[in-house]
Amino acid sequence: TLPRRSERRDSGPAEACVSKSVRKYQNEYPRSKDFVHEAAIALIPARAGSKGIPGKNLRRVGDVPLLGRAIETCRRSRSIRRVIVSTDSPAIAELARDFGAETPFLRPSDLAQDETPMLPVLRHAISSLAACGETPATIALVQPTSPFLCPETIDRALAALVASGFDHLKAVRRVREH
């Protein structure tokens, strides 16, 4: 696997764009030192072309964009080592970096359509990371459209995944009728 950011000499193009707001954010919300799953990364898919709610990943809930909330949640998780955003949009990639996520690749437009299934998006992210020499042992797929997800939920889910011996886990919740 790749060394942690603090151990890298050349942090690459995505990390070269760290703004003052990112440094302030990282100082206000430091990463936990006791990771539960050292190899886990969070992958947040955030495409630009939503038809139902245009620009939804950049829309604010309170003072924070949906994407920013997802990144904050992942960064606060004890189980997540890296937060990576898969997007087709330079604007979304810039926002992701402002919140402390990495954007080591842009997703091709054919994988950012309304009807694109998630599996090809995951495969693209995994192959892009493999091209950089990293093969993540565990990926937590975190949707930016779940703004009230808690870091502890991610930690419990990853602990359950490891304890179960299964190769994947999907979190679901019972929805009550209105």
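The values are calculated or read from the model by the stated rules, or taken from the named source; none is laboratory data. Only a predicted model underlies this, so the values are computations on that prediction, with no experimental measurement involved. Glycine gets a Cβ as well: all are built from the backbone with ideal geometry, and neighbour counts include every protein chain shown. Ligands, DNA and RNA are stripped out before the accessible areas are found, and what is left, the full protein with its side chains, is counted by its heavy atoms. Shrake-Rupley method; radii C 1.70, N 1.55, O 1.52, S 1.80 Å.
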Fill in: Area of Ser109 that stays accessible when all protein chains are in place (1.4 Å probe, Å², to 10)
80 Å²
Discussion item. What is the percent carbon and sulfur in the accessible area of region 81-178, measuring with a 1.4 Å probe over the protein chains and ignoring ligands?
Written reply: 56 percent
Discussion item. If you count only protein heavy atoms and use a 1.4 Å probe, how large is the accessible surface of Asp167, to the nearest 10 Å²?
Written reply: 130 Å²
Fill in: Accessible area of region 107-157 divided out per residue, in Å², using a probe of 1.4 angstrom
57 Å²
Item to complete: Write down, largest first, the equivalent ellipsoid semi-axes of region 42-178 in whole Å, where each equals the square root of 5 times an eigenvalue of the alpha-carbon gyration tensor.
Response: 21, 20, 16
Discussion item. For Ile53, what accessible surface area do you get with a 1.4 Å probe? Give it in Å², rounded to 10.
Written reply: 90 Å²
Response to the item:
Per residue, the convex hull enclosing the Cα atoms of region 64-136 spans a volume in Å³ of 100 Å³
Worksheet item: Efficiency by 1/(1 + (r/R0)^6): what FRET value for Arg60 and Arg173, r their Cβ-Cβ distance, R0 = 30 Å, to the nearest 0.05?
Response: 0.80
Worksheet item: If you average 1/r over all unlike Cα pairs in region 111-178 and invert the result, what Kirkwood radius do you get in angstrom?
Response: 14.4 Å
Item to complete: Tell me the label-point distance for the pair Phe166, Leu119, using the 7 Å Cα-to-Cβ offset, in nm and rounded to one decimal.
Response: 1.7 nm
Worksheet entry | Filtered trypsin sites (Lys or Arg not before Pro), region 45-153: DSSP coil and at most 11 other beta carbons within 10 Å | Lys51
